[in-house]
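Heads up: the structure comes next, in structure tokens.
The values are calculated or read from the model by the stated rules, or taken from the named source; none is laboratory data. Please read these numbers as outputs of a predicted model, since none were measured by experiment. All Cβ positions, even for glycine, are placed from backbone atoms using ideal geometry, and neighbour counts span all protein chains on display.
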Amino acid sequence: MKILAIEDEPELAEVIRKSLEKELYLVEHASDFDSAMEKIALYKYDCILLDIMLPGGSGMDILAELKKNGGGENVIIISAKDSLDDKLAGLDLGADDYLTKPFHIAELNARIKAVFRRKNLNGSNQIIVKNTVLDLNEREFKVEDVLLELNRKEFDILNYFLVNKNRLISKTALAEHVWGDHIDQADNFDFIYYQIKNLRKKLQSSNAGIEIQSVYGVGYKLTEL
């Protein structure tokens, strides 16, 4: 899961990053209004943690921009402002949750999982397609109840494909989602090719009821067999 933390307090931002990376999330950070607007314009995220009070502007304006442009990101406001009016304003603008500072990182992690389940998986912790089950809590993938060993990147790639089943996924979108915004430093997408190649072999050898198809010159698509 790819998360953007928009937070101007360096210490809190670092605590959030380290804690969520332990949960094997890919975490990116924006410390002010302008850098946050740049990131949401360029990249897509599974969840955005949004502080309201930012250098250069308001988090509410970022939220309004996201929703105006049809952003499907799950947004959790994290703010020191605890007034009912602020909470209602954020929720009215389309935020999915509101967490008041100070908070426990364990609670933040639980809120992230809950929002993702509610909006993407109909409240479930699992993605079930044909004879396959991807368990997000346990980070396990099974085919006909047999555990299939996946490395971290393979799991993240498969997760992204399953959430976007039957949709065409460009190589660029896949790379940005799984490897983050440092992907622009890469010379080519050979590393994606090798990860997809290995993942395909594992799916085929286990007789999984899904496959990853190549769309020449564009990217990939996961479909049922």
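Quick one: how many residues across the stretch 189-225 are in contact with a strand residue (DSSP E or B) (Cβ under 7 Å, 6 or more places away or on another chain), of a type in the set (S, T, Y) and at pLDDT below 90?
0
Restricting attention to the stretch 143-172, and to residues there that are over 20 Å from E23 (Cα atoms) and among the charged types (D, E, K, R), which single residue is surrounded by the most Cβ atoms within 10 Å (Cβ to Cβ)?
Residue satisfying both the conditions and the ranking: K171.
Test E28 against the criterion of being within 26 Å of L121 (Cα to Cα), touching a strand residue (DSSP E or B) at 6+ places or on another chain (Cβ under 7 Å), among the acidic types (D, E) and loosely packed, with under 15 Cβ neighbours inside 10 Å, and give yes or no.
Answer is no for this residue.
Please go through the stretch 29-61 and give me each residue that is in contact (Cβ under 8 Å) with a residue 12 or more places away in the chain and part of a helix (DSSP H, G or I), ordered by number.
Residues satisfying the conditions are F33, D34, A36, M37, K39, I40, L42, G59, M60, D61.
Which residues, counting only those in the stretch 46-72, are at pLDDT below 90 and within 20 Å of D156 (Cα to Cα)?
Residues satisfying the conditions are D46, G72.
Hey, any hits in the stretch 98-116 for a residue that's within 30 Å of S205 (Cα to Cα) and within 15 Å of the chain's Cα centre (by Cα)?
No, the stretch 98-116 contains no residue that is within 30 Å of S205 (Cα to Cα) and within 15 Å of the chain's Cα centre (by Cα).
Looking for whichever is surrounded by fewer than 15 Cβ atoms within 10 Å (Cβ to Cβ) and under 23 Å from F161 (Cα atoms) here; the options are K18, K22, K2, K39. Which one fits?
Step by step, each of K18, K22, K2, K39 is checked, and only K22 is surrounded by fewer than 15 Cβ atoms within 10 Å (Cβ to Cβ) and under 23 Å from F161 (Cα atoms).
Please go through (1) β-branched (V, I, T); (2) closer than 15 Å to I212 by Cβ; (3) in contact (Cβ under 8 Å) with a residue 60 or more places away in the chain for I157 and return the number of the only condition it doesn't satisfy.
(3)
Hey, among F161, F141, F155, which residue is of a type in the set (F, W, Y), assigned to a strand (DSSP E or B) and at negative phi?
Exactly one residue qualifies, and that residue is F141.
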